[in-house]
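Laboratory data are not the source of any read-out in this text; all were calculated from the coordinates shown. Please read these numbers as outputs of a predicted model, since none were measured by experiment. Cβ coordinates were reconstructed from backbone atoms using ideal geometry, including for glycine residues, and neighbour counts include every protein chain displayed.
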Amino acid sequence: MNTALSVNLNKVALVRNTRHLGIPSVVRAAELCLQAGAHGITVHPRPDARHIRASDVADLADLMRDWPDREFNIEGNPFHNLMDFVRSARPQQVTFVPDGEGQFTSDHGWSFPADAPGLRPYVQAAQDGGARVSLFMDAEPEAMAGAKAVGADRVELYTEPYAQAHGSAEVAAVLTRFAQAAAAAQALGLGVNAGHDLNLHNLRDFVQTVKSVQEVSIGHALIADALEMGYGATIAAYLACLR
């Protein structure tokens, strides 16, 4: 299997936060996903703590020490609260995402050269702490040089435009654009991740067309599937899409 599956647990925390009972457990969800074969766990703690809380990051960091062959990925905006988590949890990967503080969900990538001066020191700081740095990017081949210039190790392609086009007459052109962006990144020595609205219906087509994607991070759809199928069967189904 060439593409790793990292499970985003934000939606598990969102359900948990609607009551004060501590269920469903974010840590237990992570354990079940890892036991089923997921290659990593992703969280995106936001400043308002509307889903993942600081205690979740600490608890998951402890859990992941028992899974040395799997990866912990923390996403977020380095200009907000992200770097505190990077320093304390020491994840294997950090994904910088240009979210606003009250933003509903991630909906665009970094812009270069405008974002370069601010990003560069944070990229270096995360790498100094031992983390690989990935930048959340739109599928724009010409923008990949900017990610390379600030020192990123990888880019994560924002895949919602592909998910919206899937099943339509426009999907071939959209996929071509993603493949071109991935190839441009790889030509510069950048690894390529992908994420946002990938699911059991569109994932296989994406990884078969966009070559050498190293990791997909999937949360909303995967957790929704797990409500019906259970974690074990859901992880197995997503891994099958990646084979």
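Values as computed for the structure displayed
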read-out	value
Longest to shortest principal axis, alpha-carbon extents of the chain, angstrom	48, 40, 33
Farthest toward positive dipole pole in the stretch 117-238 [+1 Lys/Arg, -1 Asp/Glu at C-beta], among Ala221, Val155, Phe178	Val155
Cβ-based net charge around Gln92, under 9 Å, with every Lys or Arg adding one and every Asp or Glu removing one	+2
Rh by Kirkwood over Cα pairs, then Stokes-Einstein D for the stretch 65-171 at 1.002 mPa s and 20 °C, µm²/s	146 µm²/s
For the stretch 1-138, the spread of Cα positions along each principal axis, largest first, Å	44, 34, 27
CD proxy at 222 nm, helix term only [per DSSP H run n ≥ 4: -39500 (n - 2.57); per residue of the chain; nearest 500]	-13000 deg cm²/dmol
Cβ charges +1 (Lys, Arg) and -1 (Asp, Glu), total dipole of the chain, debye	360 debye
Among Thr42, Thr159, Thr176: highest mean-square fluctuation, GNM of the chain, C-alpha pairs under 10 Å	Thr176
Total charge dipole magnitude, the stretch 11-155, about the Cα centre, Cβ charges on Lys, Arg, Asp, Glu only, Debye to nearest 20	380 debye
